[in-house]
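Notes follow the structure.
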Amino acid sequence: MPDMLVRLYTLPPLEAEIEAMRAAGIDIRRALPPEKHVVTAWVREHFSAGWASETDVAMSHHPVSCFLATENGKLLGFACYDATVKDFFGPTGVDEAARGRGIGKVLLLACLHDMRAQGYGYAIIGAAGPTEFYKKAVGAMEIEESWPGVYRGLLGMGG
Ligand SMILES: CC(C)(COP(=O)(O)OP(=O)(O)OC[C@H]1O[C@@H](n2cnc3c(N)ncnc32)[C@H](O)[C@@H]1OP(=O)(O)O)[C@@H](O)C(=O)NCCC(=O)NCCS
């Protein structure tokens, strides 16, 4: 699972994607601090305790560095940045039943545009699982010899 590099100065536009999601009944927005317990419990249930811990950190920033996808008041997906280390995107995930509708890509773009607005020039996708998804969505490039990288020695990972 390599890290990947993304140019933030040539990102695809975000607004039209958010509008298209809204037209389809899906709201893509920054998470709010009172939602922290709901979001972290959802991430733990659907993904892992480690990702829930990272999401907890992102939910504790001002502004919150976590974006959500919701439909009819139901959480469908999340994406974070600046969680384990600064300038890293992730974790992110979409409910299995809601995958393939473009939600993961818009959540990714929402975070990356926010990172650009926060002053970053490049973003790192931390420990990218689906590398093809990131290449296709934002032209991300694999960083050689980046695994386990900043995650070396992580408890419960054996690295
Ligand atoms: C990766 C993930 C967030 C993608 O979410 P999604 O909502 O299903 O993705 P989208 O519908 O926005 O896909 C956007 C494009 O990427 C493609 N894509 C999605 N997942 C892909 C994958 N795993 N590999 C290659 N391409 C993928 C889609 O086909 C789509 O292509 P298109 O624009 O030509 O239609 C989701 O599959 C997921 O939650 N995976 C499990 C958790 C995970 O691996 N998170 C990433 C950790 S780094």
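The values are calculated or read from the model by the stated rules, or taken from the named source; none is laboratory data. Because the structure is a prediction, the values reported are computed rather than measured. Ideal geometry is used to build each Cβ from the backbone, glycine not excepted, and the neighbour counts take in all protein chains shown.
Of the numbered criteria (1) closer than 30 Å to Glu145 by Cβ; (2) modelled with pLDDT of 95 or more; (3) surrounded by fewer than 19 Cβ atoms within 10 Å (Cβ to Cβ), the one Glu35 fails is (1). With respect to being touching a helix residue (DSSP H, G or I) at 6+ places or on another chain (Cβ under 7 Å), farther than 22 Å from Ala24 by Cβ and without any contact (Cβ under 8 Å) to a residue 40 or more places away in the chain, Asp82 fits the description. Note on segment 91-101: among residues that are near the ligand (Cβ under 6 Å from one of its atoms) and surrounded by fewer than 17 Cβ atoms within 10 Å (Cβ to Cβ), the one that is nearest to the chain's Cα centre (by Cα) is Arg99.
Every residue in segment 49-69 that is surrounded by 17 or more Cβ atoms within 10 Å (Cβ to Cβ) and within 12 Å of Val39 (Cα to Cα), please. Matches in segment 49-69: Trp51, Ala52, Glu54, Thr55, Asp56, Ala58, Met59, Cys66, Phe67, Leu68, Ala69. Of the residues making up segment 104-159, those that are more than 30 Å from Glu15 (Cβ to Cβ), among the charged types (D, E, K, R) and free of Cβ contacts under 8 Å to residues at least 24 places away in the same chain number 2. Among residues of segment 1-13 that are without any contact (Cβ under 8 Å) to a residue 60 or more places away in the chain and surrounded by fewer than 19 Cβ atoms within 10 Å (Cβ to Cβ), none has a beta-carbon under 9 Å from a residue that is assigned to a loop (DSSP other than H, G, I, E, B) and of a type in the set (Phe, Trp, Tyr) at least six positions away or on a different chain. Selection of first residues in segment 86-102 that are β-branched (Val, Ile, Thr) and of second residues that are within 6 Å of the ligand (Cβ to nearest atom) and in a loop (DSSP other than H, G, I, E, B), restricted to Cβ pairs under 9 Å at least 6 apart or on distinct chains, gives the following pairs, ordered by first then second residue: Val94/Gly100; Val94/Arg101.
In segment 109-122 there is no residue that is near the ligand (Cβ under 8 Å from one of its atoms) and closer than 20 Å to Glu54 by Cβ.
Quick check on my filter: what residues within segment 85-123 are of a type outside the set (Val, Ile, Thr), more than 27 Å from Ala24 (Cα to Cα) and in a loop (DSSP other than H, G, I, E, B)? Lys86, Asp87, Gln118, Gly119, Tyr120, Gly121 - these are the residues of segment 85-123 that are of a type outside the set (Val, Ile, Thr), more than 27 Å from Ala24 (Cα to Cα) and in a loop (DSSP other than H, G, I, E, B). Note on segment 131-158: residues that are closer than 18 Å to Gly100 by Cα and either surrounded by 13 or more Cβ atoms within 10 Å (Cβ to Cβ) or more than 8 Å from the ligand (Cβ to nearest atom) (or both) total 6.
Restricting the search to strands (runs of 3 or more DSSP E) fully inside segment 1-77 and requiring at least 2 residues that are within 14 Å of Asp114 (Cβ to Cβ) gives 27-30, 66-71.
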